[in-house]
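This report refers to the structure that appears directly beneath it.
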């Protein structure tokens, strides 16, 4: 087989979006009684919700592009009852193999996004907030909301670039493993073949670099969100 790169209250409160609930709780608590940890947690919630949505949405396009950049080709030659080798039509098998590879790529990109980027947002926000506003008081947070968002976005973008490097570097291994498993699952007897040799090739187009850059550019643009700045200023 050949491969190439390729709990309890008496009355329910109105339902609010996650970050708005955080802001509402703080406002009802009053500025004089709100503790720094509570404010930091509120800022974290705002960031996690907003930035996660931005990144997950952007990753939809990334996954589609990466999958489109991977070409899968199968070739099968069979000996039937000792006769000379004959080529086997594998077009339907190629479609199935490509679907398997695409599903694997999408699942792995989702897993990598969570591990490499999303898992770090909480820590990034806390680090930046404590650096810019050591006391994490409302006045400081409001005054420096824009700076906080910009600095957190910069840290997230470093992780985004790490994600793209990992996605590109792992494509060959992912495609090889998935194609290998696909071929092993084939019921060759159902094809009426006594002896068959199947080769599989997963080729990754150079367009992947353009698509990865587009993903990074979108993240750089969207992560500095005016909505996040406004929500932090409203705490």
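Every number in this text was worked out from the coordinates using simple rules, so none of it is lab data. For clarity, every value in this text was computed on a predicted model and none was experimentally measured. Using ideal geometry, Cβ is built from the backbone for each residue, glycine included, and neighbour counts are taken over all protein chains shown.
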Exercise. Could you work out how far apart the two model spin labels at residue 157 and residue 214 are, taking each label as a point 7 Å from the Cα in the direction of the beta carbon, and quote it in nm?
Key: 2.0
Quiz item: Rounded to the nearest 0.05, what FRET efficiency is calculated for residue 140 and residue 60 with R0 set to 41 Å and r the Cβ-Cβ distance?
Solution: 0.65
Practice problem: Let me know the shape class of region 36-233, please: from the alpha-carbon gyration tensor, a ≥ b ≥ c as square roots of the eigenvalues, rounded when a/c is under 1.5, otherwise prolate if a/b is greater than b/c, or oblate. | Solution: prolate
